[in-house]
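S.K.: Have a look at this one.
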Amino acid sequence: MAYKQYILVCSGTACESNKGNALYQELNRALHSEGLQEDVQLVKTGCFGFCEKGPIIKILPDETFYVQVDPDDAKEIASEHLVKGRPVERLIYRGEDQSAERAEDLPFYRKQLRLVLRNCGVIDPDSIDEYIAREGYAALEKALFELGADRTIDELMKSGLRGRGGAGFLTAKKWLFTRKAESEEKYVVCNADEGDPGAYMDRSTLEGDPHSVLEAMTIAGYTVGAQRGYIYIRAEYPLAIERLQNAIEQARGYGLLGEDILGSGFGFDIEIRLGAGAFVCGEETALLASIEGRRGMPVPRPPFPAVKGLWGKPTVINNVETFANVPLILLRGGDWFSKIGTETSKGTKVFALTGKINNSGLIEVPMGTTLREIIYDIGGGIKDGRAFKAVQTGGPSGGVIPADHLDTPIDYENLQKLGSIMGSGGMIVMDEDDCMVSVAKFYLEFTVEESCGKCAPCRVGGRTLFNILDRITRGEGEMADLKKIRDLSQAMRRASLCGLGQTASNPVASILRHFEDELTAHIKKKKCPSGKCKDLVQYYILPDKCIGCTLCARHCPVNCISGERQKPHVIDINRCIKCGECYKVCKFGAVMRG
């Protein structure tokens with residue numbers, strides 16, 4: 001059936017949890033109410049990326065982009081837009097300087113290049129036919145019947161694709177090592193154990209385009225000589241799991257998984273293995289142990305999984321984003337892909353842009369895009385007009401980058417030079433009110449809790465670093481602590497068994513490098529410049545600025561502010577719990593913290 005119009009409804013986790021499903025149901029009712037069900041197709045898609053403004057819908061063919069749509073808006077959209085052809089103006093995006101009716105005109109999308117996310121927000125992830133209509137499984141057919149295994153690896157080598165989840169190892173080399181390893185059994189594993197705070201890139205890709213990962217894993221299986229693959233994913237990602245299961249069943253039904261795929265004589269199948277949410281299982285050897293049914297703990301390398309992996313057999317292991325690039329590379333060629341990005345970092349990178357940013361969401365940009373372009377051009381700058389202070393890249397294993405380096409092109413090497421990492425792509429923006437010591441303490445607390453405890457450098461070193469930071473935030477730090485932080489960080493990097501311990505000190509080491517003044521203020525002056533460390537903050541009222549409006553006293557939860565109306569007020573510091581409510585509500589700059 002040919003439809004005249006289409007409504008694409010974002011059904012990523014963020015929009016689904018924000019009345020997205022109710023919106024879909026109301027739109028469906030409205031279409032029937034207006035008698036449009038034969039002319040308008042309603043489609044659930046993956047994430048559009050602009051999560052700050054969800055729920056989002058897009059109407060085709062005119063490509064009208066509606067943001068923050070409520071289920072109650074469904075009737076008006078149907079009666080006004082679909083029947084009368086008049087867009088609902090109040091649902092069109094309006095920024096500070098302009099409005100935009102089409103997604104491509106939004107500043108959020110202008111500098112993006114969506115390759116990994118090419119089908120997210122475009123197709124129904126539960127429909128294999130829609131994936132096939134977008135060249136789905138054409139790369140698998142090309143690998144099987146045109147390129148063969150060697151030329152498939154050649155194309156990957158030309159592309160320069162590096163692993164998107166960790167150290168950035170060349171994908172073609174990893175596949176080549178597994179191909180050359182001699183064994184009757186080999187495996188392909190997809191690492192979908194995305195555990196970084198604030199990161200949801202891989203989950204969204206699986207929710208919006210599960211077949212791209214299945215296709216890439218099958219290509220990998222054919223290339224290296226494996227017949228079975230596993231997707232290791234957190235049990236706490238039910239929507240992604242549901243769509244993966246559906247996609248696997250559909251692919252089997254179409255002869256794209258299982259025995260004799262497309263009549264090629266090659267057989268390959270995929271299973272899903274659920275993880276319990278341990279961060280250390282992002283480490284490939286710990287992940288493989290977990291699939292085998294053992295406790296997720298890393299083992300020393302070498303031997304690497306490419307030679308001795310799952311059940312001791314050669315194994316290719318890549319993460320979701322790395323796999324999602326593969327079909328596109330085979331279809332358009334390695335040379336095409338290598339022209340995108342920088343000299344050493346090819347292609348694009350997906351980031352989960354969150355924190356004190358106006359336009360939070362899922363973005364994909366060419367490697368080499370600067371932090372300034374991401375934060376200000378795409379992210380729309382800092383919330384509430386505050387000043388940018390730093391951005392944390394790479395999640396709890398990454399580091400903070402200050403404003404001095406906003407014009408740094410993002411790639412693997414540049415981030416490493418700044419003391420951070422690409423990691424899986426979490427990007428958390430901080431403003432002038434954030435305390436960098438507390439930030440480092442937060443990430444250390446996370447990695448200490450997630451450490452498997454197998455090796456002493458990680459188990460003991462991480463806890464010791466956390467204790468030092470905890471003392472500093474309570475005003476009990478000493479200048480000698482700075483040397484201890486440096487020495488411990490270096491020891492953990494060199495001696496820890498796996499990447500978790502080797503990178504756990506990155507946040508505190510990068511803060512020592514870029515924000516040493518803030519650390520020494522906590523230690524020498526016993527002050528927290530941003531006012532976040534409660535033990536180091538004291539609130540007081542300036543008598544010459546206080547007009548006695550009583551607003552601070554009325555908002556104080558412990559009634560420790562006293563004074564008569566129209567006369568200066570006073571804070572009883574012995575009863576003050578340092579919640580900062582008085583500081584937030586004062587309109588005259590009379591409440592100070594120091």
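S.K.: Add +1 for every Lys or Arg and -1 for every Asp or Glu among the other residues with Cβ under 12 Å from the Cβ of Glu478, and state the total.
M.R.: +3
S.K.: Going from most exposed to least, what order do Tyr376, Tyr66 have by accessible area with a 1.4 Å probe?
M.R.: I get Tyr376, Tyr66, largest accessible area first.
S.K.: Now a separate question. Go through Lys84/Lys349; Lys174/Lys483; Lys483/Lys534; Lys53/Lys158 and tell me which ones have a Cα-Cα distance over 29 Å in this structure.
M.R.: Beyond 29 Å between Cα atoms: Lys84/Lys349; Lys174/Lys483; Lys53/Lys158.
S.K.: Can I ask one more? When you count, for each residue, the other Cβ atoms within 10 Å and take the mean per peptide, how do 524-537, 361-374, 191-204 rank with the highest first?
M.R.: 191-204, 361-374, 524-537
S.K.: Follow-up question, since we're still on this one. When ranked by the protection proxy of mean other Cβ atoms within 10 Å per residue, highest first, what sequence do the peptides 267-276, 30-39 form?
M.R.: 267-276, 30-39
S.K.: Need one number for the chain: average projected area of the convex hull over its C-alpha atoms, nm².
M.R.: Taking the Cα atoms of the chain, their convex hull projects to 29.8 nm² on average.
S.K.: So, one more: Count the DSSP beta bridges whose two residues both fall in the range 1-105, then state the antiparallel fraction as a percent rounded to the nearest 5.
M.R.: Bridges in the range 1-105 are about 65 percent antiparallel.
S.K.: Another question about this same structure. Taking all protein chains in place and a 1.4 Å probe, what share, in percent, of the accessible surface of the range 282-380 do carbon and sulfur account for?
M.R.: Percent of accessible area from carbon and sulfur atoms in the range 282-380: 51.
S.K.: Then there is this: Put a dot 7 Å past each Cα toward the Cβ at Glu63 and Thr464; how far apart are the dots in nm?
M.R.: Each label point is offset 7 Å from its Cα along the Cβ direction, giving 5.8 nm.
S.K.: Tell me, what is the FRET efficiency for Gln538 and Ala276 to the nearest 0.05, using R0 = 60 angstrom and their Cβ-Cβ distance as r?
M.R.: 0.85
S.K.: Under the Karplus relation 6.51 cos²θ - 1.76 cosθ + 1.60, θ = phi - 60°, what is the ordered set of whole-Hz ³J(HN,Hα) values for the range 142-159, x standing for Gly and Pro?
M.R.: 5, 5, 6, 10, 10, 7, x, 5, 5, 6, 5, 5, 4, 5, 5, 5, 4, 5
S.K.: When the helix-only estimate is applied to the chain (DSSP H runs of n ≥ 4, each -39,500 (n - 2.57), divided by the residue count), what is the mean residue ellipticity at 222 nm, nearest 500 deg cm²/dmol?
M.R.: It lands at -9500 deg cm²/dmol.
S.K.: Please state the relative contact order of the range 538-593 as a whole percent: Cα pairs under 8 Å, 6+ residues apart?
M.R.: 48 percent
S.K.: Figure the gain on full extension for Phe588 and Glu34 (residue separation times 0.36 nm, minus the Cα-Cα span) and round it to one decimal in nm.
M.R.: Length difference between fully extended and current span is 194.0 nm.
S.K.: Please compute, for the alpha-carbon atoms of the range 538-593, the extent along each of the three principal axes and give them in descending order in Å.
M.R.: 24, 19, 16
S.K.: Something else about it: Just the accessible area per residue of the chain, please: how many Å² with a 1.4 Å probe?
M.R.: 41 Å²
S.K.: Sum up the charges of everything whose Cβ sits under 10 Å from the Cβ of Lys19, counting Lys and Arg as +1 and Asp and Glu as -1, but leave Lys19 out.
M.R.: It works out to a net charge of -4.
S.K.: While we're here: Each residue of the range 422-438 in order: what ³J(HN,Hα) in whole Hz does its phi give by Karplus 6.51 cos²θ - 1.76 cosθ + 1.60, θ = phi - 60°, with x for Gly and Pro?
M.R.: 6, x, 8, x, x, 9, 10, 8, 10, 10, 4, 8, 8, 8, 5, 5, 5
The values are calculated or read from the model by the stated rules, or taken from the named source; none is laboratory data. Because the structure is predicted, anything quoted here is derived from the model rather than measured. No Cβ is skipped: glycine too gets one built from the backbone with ideal geometry, and neighbour counts run over all protein chains shown. Heavy atoms of the whole protein, side chains included, go into the accessibility calculation; ligands, DNA and RNA do not. Shrake-Rupley method; radii C 1.70, N 1.55, O 1.52, S 1.80 Å.
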